[in-house]
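First up is the structure itself, then whatever we jot down about it.
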Amino acid sequence: MGEKTIKILLVEDNLLDARTFHLMLSSSKSIFTFEITHADCLNKAIEYIAVRNFDVILLDLSLPDES
């Protein structure tokens, strides 16, 4: 049985937090592979969602352009 790819949209304006998340998943010993798309603002995340499907969206609740 092949590996399942999980498509994740990470919406995070703090680059250190985003990098930490990437490192955690890349070092994970999982049967899944992770395809991570990073958006640093809500507007960019909405653009990505309009053209792609994601399995998981991880959203920072304190983005500078949130309302």
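Tabulated results
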{"read-out": "Matching residues, region 1-12, being out of contact with any Ser or Thr (no Cβ under 8 Å at 6 or more places or on another chain) and within 20 Å of Ile46 (Cβ to Cβ)", "value": "Val11, Glu12"}
{"read-out": "Search result, residues across region 8-32 that are open to solvent by less than 50 Å² (accessible area, probe 1.4 Å) and not in a loop (DSSP other than H, G, I, E, B)", "value": "Ile8, Leu9, Leu10, Val11, Ala18, Phe21, Leu25"}
{"read-out": "Top-ranked residue of region 35-53 - restricted to ones that are more than 19 Å from Thr5 (Cα to Cα) and in a helix (DSSP H, G or I), ranked as most open to solvent (accessible area, probe 1.4 Å)", "value": "Glu47"}
{"read-out": "Some residue of region 42-52 being within 9 Å of the chain's Cα centre (by Cα), over 13 Å from Leu63 (Cα atoms) and at pLDDT 95 or above", "value": "no"}
{"read-out": "Lys4 vs. criteria in contact with a Phe, Trp or Tyr (Cβ under 7 Å, 6 or more places away or on another chain) and open to solvent by 80 Å² or more (accessible area, probe 1.4 Å)", "value": "yes"}
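The values are calculated or read from the model by the stated rules, or taken from the named source; none is laboratory data. Please read all numbers here as calculations on a predicted model, not as lab measurements. Glycine also receives a Cβ, built like all others from the backbone with ideal geometry; neighbour counts cover every protein chain displayed. Ligands, DNA and RNA are excluded from the accessible area calculation, which covers all protein heavy atoms including side chains. Shrake-Rupley method; radii C 1.70, N 1.55, O 1.52, S 1.80 Å.
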